[in-house]
Structure formats: structure tokens, C-alpha cells
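Trainee: First, the structure itself, so that you have it in front of you.
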Amino acid sequence: MRFSYLIWLSILLYYIPASADGQQKVKVACIGASICAGARLPHLETQSYPAQLGQLLGPGYEVTNYGVSSTTMLKKGDFPYWKTPQYKAALASQPDIVLIDLGGNDSKLINRVHLDEYASDYQEMIRAFQSLPSHPRILLLQPIVSFVKDTTQIWDPVITQQILPKVRQVAYNEHLELVNLNALLIGKPGLMPDGIHPELEGTTLMAKTLFEVLHPVRDTTFDIISKLTGDKKISSFYGYRCADFTFNGREAKVVAPVFTAAGHPWIWRARFWGHEPQTDIALLERGYHVVYCDASELFGNKEAIQLWNGYYTLLRKAGLAKKAVMEGMSRGGVYVYNWAAVNPDKVAAVYVDNPVLDLCSWPGSQAKEKSGNHAEWDAFKKDYGFTSDSAALAFKGSPLYKVKDIVKGKYPMLHVLADADAVVPPAENTLPFEEKVKALKGDITVMHKPGFGHHPHSFPDPTPIVDFILKAVK
């Protein structure tokens with residue numbers, strides 16, 4: 001008994017840091033299993049993601065790695081983190097920030113029988129840290145992807161279908177911050193040689209993401225949802241509070257971050273709410289709001305612009321930043337740019353993905369088909385008052401013909417472009433648009449996806465898109 005106590009005491013003394021300069025440092029406790037501990041890295045003391053996070057945060061922070069390989073969140077798991085000396089040491093350290101990264105080992109076959117208790121065990125650990133005198137900021141890290149083929153081991157379908165939804169629900173219930181580390185390594189087995197543990201490039205991505213979440217200045221008092229008057233329904237959008245309400249007879253949504261970044265930034269999803277949401281989720285982590293106002297199917301006409309002008313006014317009065325990041329996938333590009341053309345001073349940046357920029361290209365292609373569904377083409381003609389196909393096919397009110405107005409905003413534009421898109425051909429949309437923008441000295445970046453068709457939009461890991469937006473809004 002005495003021997004066990006001495007072991008625990010030695011670990012505790014090892015993990016409680018002393019500041020060389022005597023100044024108070026922000027103490028960050030990293031709770032996790034082998035990935036947190038830095039397993040399989042040649043120099044885990046400098047290459048684990050907690051170690052790299054400490055380097056990024058700088059001398060004002062003391063990041064301590066309490067990771068223990070093979071541990072579970074489940075108390076009934078085969079190796080519960082709860083029973084480790086590192087857990088006791090983390091509590092005793094009185095941390096200011098706690099990062100909890102447990103769940104991968106819980107997906108093993110031996111532990112799956114207890115998964116119904118995962119959320120309650122998670123909440124109990126949260127309570128243990130919340131009850132500390134230091135009252136730490138707590139962030140829940142979503143477990144990363146697994147490429148292991150053995151279904152009895154750390155099995156990705158269990159992580160994706162059972163663990164991740166539970167982590168999101170716990171975060172929503174407890175009003176705690178989420179960090180989606182899972183998206184960072186999807187489709188990147190080369191960064192995980194054994195299928196489980198990231199090598200240096202992978203842990204660097206993880207540390208960078210955590211730094212972007214932890215480092216910025218926050219406004220901890222702002223709550224936009226409380227400022228939205230009238231009837232609204234609150235639900236979870238991937239672990240974040242989403243207010244659903246009606247604006248001028250149209251469906252509207254506002255998703256709030258747990259803590260708002262300074263300046264109250266926001267991204268405005270133009271169309272296809274919730275489709276490929278990884279960029280929206282990543283920005284929520286970084287303190288952005290995500291908003292939506294259904295303007296379907298008005299194809300960016302005057303009615304759509306007037307509707308959005310009113311919605312913009314509502315959100316500005318509620319406290320959001322003067323300029324929004326505009327986001328549009330497919331036909332959403334028309335909505336984004338037609339609104340931006342008449343509101344150049346209200347746009348911080350544009351991100352569009354395989355965008356429709358000439359309505360004569362799509363849905364105009366339907367007019368050239370003798371059979372098939374012409375619903376969108378008919379809706380377009382009605383929206384703009386055309387009674388014949390020939391007149392509609394001469395339409396010059398698409399973003400492709402509004403470049404002079406668009407570049408007046410001097411905001412950066414990002415186009416993610418599938419080069420093999422047969423639905424919205426690049427040669428009829430982004431490529432001529434890009435040429436016109438550059439001719440007028442506008443700021444446009446095109447990220448090409450060789451060999452891809454119209455779907456899927458975005459990237460599994462949205463880091464390139466997020467980096468572009470964060471740089472644009474600085």
C-alpha cells in the first residue's frame with residue numbers, strides 16, 4: 001500500500017510544473033491514451049501533439065501530457081483511465097484548461113458491450129474537473145479515425161457511428177467546446193503507418209488545430225441566441241446550439257459557438273444546409289457563428305437579395321460582425337455572388353464550391369434536353385419573368401456578368417473546383433469567372449480537385465478552406 005502511494009506521489013511531483021521565472025502560467029492538462037502520450041513517435045517528448053501545442057502556445061502556458069496508452073473512458077473498460085496515477089495527478093495539478101481525448105480504445109470489441117455507459121462516464125469525468133477550485137475550461141476532443149482492419153480492435157465504424165455522436169451529445173448537454181480532430185486524418189492512412197497512431201505530420205495537424213482553438217481572444221459574454229426574439233426551437237447541430245425560426249416566412253437558422261471569437265465573426269451558408277458541414281464545424285470551434293436563411297428557389301433574384309438584406313440587418317442588430325464570410329455550394333454560388341455584388345462592403349470573404357456562376361450553364365442545360373426534369377429551369381424562368389427558353393438563355397444577370405461589381409469589395413474569394421464536373425462545367429463557370437476577376441485585379445484562389453465530379457463538395461479535412469478563411473478575416 002505504501003509502495004503504491006509512493007509511486008503515485010512521484011508521478012504527481014513529476015507532473016506539477018515549477019515556473020522558472022516565478023510567473024503564473026496557464027496550466028493545460030492533456031488527458032488521453034496512446035495518441036495523446038505520443039506512442040510510436042521517435043521523440044514523443046517534443047513530437048506528441050501536447051508537446052507541440054505547448055511550443056505553439058509559448059512560455060505563458062505549461063502544457064502537461066497525462067496520456068496513458070490503451071486507456072478507456074469507460075470505467076468498465078479493459079484499462080480505465082480513471083485508475084491511473086496520471087488521472088489523479090491531473091486533478092491535483094489544478095489545471096486552467098483540460099483537453100479530454102478518450103474514446104478510441106472504447107471502440108474495441110472487449111469494451112463495446114459497455115458503450116451505453118460511455119456518456120455518463122464522460123460526464124462524471126467532466127464533473128470531477130469542473131469541481132476543482134481552478135474551474136478549468138474543458139474541451140472535448142473527438143477521437144481520430146482508425147484504419148485498422150481487425151474488427152475486434154480500434155474499429156472506425158464504431159468510432160464514427162457510436163463514439164462521435166456520444167461525444168457531441170455530451171458537449172451539447174454540458175455546453176462545452178468540441179474539437180473535431182477526427183476530420184483531420186480522414187483519407188490519410190499514409191500519416192498513420194500502423195492504422196492507429198499518427199506520425200509527426202499528423203500530430204502537427206492536431207496541435208495546430210488545438211492552438212487555433214485555444215489561442216484567439218474570446219468574448220465569453222456574448223450569446224446571440226438570447227438576442228433572437230420571437231419563437232425559436234433550439235436543437236443540436238453537431239454539438240452546438242442551433243436556433244431554428246422563421247424570418248419573413250422563410251426558414252432561418254443560427255448556430256452559436258460555445259464561446260464567440262473577438263469581433264463576433266460569422267459564415268453565411270447560402271444553400272444546402274448541413275451538406276458537407278466540416279468547414280462550418282471547424283469555424284464553430286474557432287468561435288464563428290454559422291447562419292442560414294432559405295431563399296430557395298429564387299436563384300439570387302431581387303426577391304432573394306431583399307430577403308437576405310433584411311436577414312443581414314437582423315443579425316447585425318443581434319451583434320454579429322459587419323462583414324460575413326459567404327459560403328455557397330453548387331447553385332449557392334449564384335446566391336452568394338449576386339448578393340455580394342450589391343453588398344460589397346458587407347463581405348469579408350467568399351468560399352464557393354463547384355459554384356454555378358452562369359444560370360444559362362445550369363439549369364440552362366435542362367432547356368437543351370428534350371426529355372427529363374426541367375423543374376429548376378422552369379423555376380429560374382419564373383423567378384426572372386421569362387416566358388420563353390430563348391429569352392432566358394440570353395440572361396446576363398448571373399455572377400459571371402457581375403464581376404466588376406463583385407471585385408469592388410476587395411475581399412478574397414476561394415473556389416474549390418472539381419475539374420471533371422459535368423453538371424456545372426468549370427469551362428462555363430469558374431474558369432471564365434476567374435479570368436475576369438484576375439483581369440480586374442481581384443483576389444481569387446482556385447483549389448483544383450483533379451478527376452472529381454460535382455460531388456462530393458469540400459474536402460474530408462477542411463483545413464485548407466479554414467486556413468483561407470482565417471487568414472482572410474484577420
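The values are calculated or read from the model by the stated rules, or taken from the named source; none is laboratory data. Note that the structure is a prediction, hence the values are computed from the model and not measured. Ideal geometry is used to build each Cβ from the backbone, glycine not excepted, and the neighbour counts take in all protein chains shown.
Trainee: For the structure I just gave you, tell me whether residue 15 is of a type outside the set (Gly, Ala, Ser), in the same structural domain as residue 184 (by TED's automatic domain parsing) and modelled with pLDDT of 95 or more.
Mentor: Answer is no for this residue.
Trainee: Kindly indicate whether residue 229 is at pLDDT below 95 and in a loop (DSSP other than H, G, I, E, B).
Mentor: Criteria met by residue 229.
Trainee: Please list, ordered by residue number, the helices (runs of 4 or more DSSP H) wholly in the range 389-474 having 3 or more residues that are more than 27 Å from the chain's Cα centre (by Cα).
Mentor: Qualifying helices (runs of 4 or more DSSP H): 389-392, 403-406, 430-439.
Quick grid of which residues meet (1) part of a helix (DSSP H, G or I); (2) crowded, with 22+ Cβ neighbours inside 10 Å:
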position	(1), (2)
132	no, no
140	no, yes
147	no, no
173	yes, no
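Trainee: Another question, if that's okay. Are any residues in the range 201-252 within 28 Å of residue 270 (Cβ to Cβ), exposed (fewer than 12 other Cβ atoms within 10 Å of the Cβ) and among the hydroxyl-bearing types (Ser, Thr, Tyr), and if so, which ones?
Mentor: Selection gives 226, 229.
Trainee: So, in the range 354-376, of the ones that are part of a helix (DSSP H, G or I) and crowded, with 16+ Cβ neighbours inside 10 Å, which residue ends up nearest to the chain's Cα centre (by Cα)?
Mentor: So, considering only residues that are part of a helix (DSSP H, G or I) and crowded, with 16+ Cβ neighbours inside 10 Å, the one nearest to the chain's Cα centre (by Cα) is 376.
Trainee: Name the residues in the range 123-158 that are aromatic (Phe, Trp, Tyr) and either in contact with a Leu (Cβ under 8 Å, 6 or more places away or on another chain) or more than 24 Å from residue 281 (Cα to Cα) (or both), would you?
Mentor: Within the range 123-158, 129, 155 qualify.
Trainee: I've got another one for you. Can you tell which of 286, 269, 218 is in contact with a strand residue (DSSP E or B) (Cβ under 9 Å, 6 or more places away or on another chain) and closer than 30 Å to residue 359 by Cα?
Mentor: Numbers: 286 fails: closer than 30 Å to residue 359 by Cα; 218 fails: closer than 30 Å to residue 359 by Cα.
The unique qualifying residue is 269.
Trainee: Take the conditions modelled with pLDDT of 95 or more and not acidic (Asp, Glu) and apply them to residue 397. Does it pass?
Mentor: The answer is yes for residue 397.
Trainee: Let me ask another. Residue check: is residue 386 modelled with pLDDT of 95 or more, surrounded by 16 or more Cβ atoms within 10 Å (Cβ to Cβ), more than 14 Å from residue 304 (Cβ to Cβ) and not assigned by TED's automatic domain parsing to the domain that holds residue 403? Break it down into steps so the answer makes sense when it comes.
Mentor: Working: modelled with pLDDT of 95 or more: yes; surrounded by 16 or more Cβ atoms within 10 Å (Cβ to Cβ): yes; more than 14 Å from residue 304 (Cβ to Cβ): yes; not assigned by TED's automatic domain parsing to the domain that holds residue 403: yes.
For residue 386, the condition - modelled with pLDDT of 95 or more, surrounded by 16 or more Cβ atoms within 10 Å (Cβ to Cβ), more than 14 Å from residue 304 (Cβ to Cβ) and not assigned by TED's automatic domain parsing to the domain that holds residue 403 - is met.
Trainee: Does residue 379 satisfy the condition of being touching an Asp or Glu at 6+ places or on another chain (Cβ under 6 Å), among the aliphatic types (A, V, I, L, M), surrounded by fewer than 19 Cβ atoms within 10 Å (Cβ to Cβ) and more than 15 Å from residue 269 (Cβ to Cβ)?
Mentor: yes
Trainee: Among the residues that make up the range 125-139, is at least one of them in contact (Cβ under 8 Å) with a residue 24 or more places away in the chain and closer than 27 Å to residue 199 by Cα?
Mentor: There is at least one residue in the range 125-139 that is in contact (Cβ under 8 Å) with a residue 24 or more places away in the chain and closer than 27 Å to residue 199 by Cα.
Trainee: Every residue in the range 187-226 that is basic (Lys, Arg), part of a loop (DSSP other than H, G, I, E, B) and under 14 Å from residue 259 (Cα atoms), please.
Mentor: Looking only at the range 187-226, we keep the residues that are basic (Lys, Arg), and these are 188, 208, 218.
Filter once more, keeping what is part of a loop (DSSP other than H, G, I, E, B): 188.
Answer for the range 187-226, where residues must be basic (Lys, Arg), part of a loop (DSSP other than H, G, I, E, B) and under 14 Å from residue 259 (Cα atoms): there is none.
Trainee: Conditions: (1) in contact with a helix residue (DSSP H, G or I) (Cβ under 9 Å, 6 or more places away or on another chain); (2) at pLDDT 95 or above. Residue 310 meets all but one. Number of the miss?
Mentor: Among (1) in contact with a helix residue (DSSP H, G or I) (Cβ under 9 Å, 6 or more places away or on another chain); (2) at pLDDT 95 or above, the lone unmet condition for residue 310 is (1).
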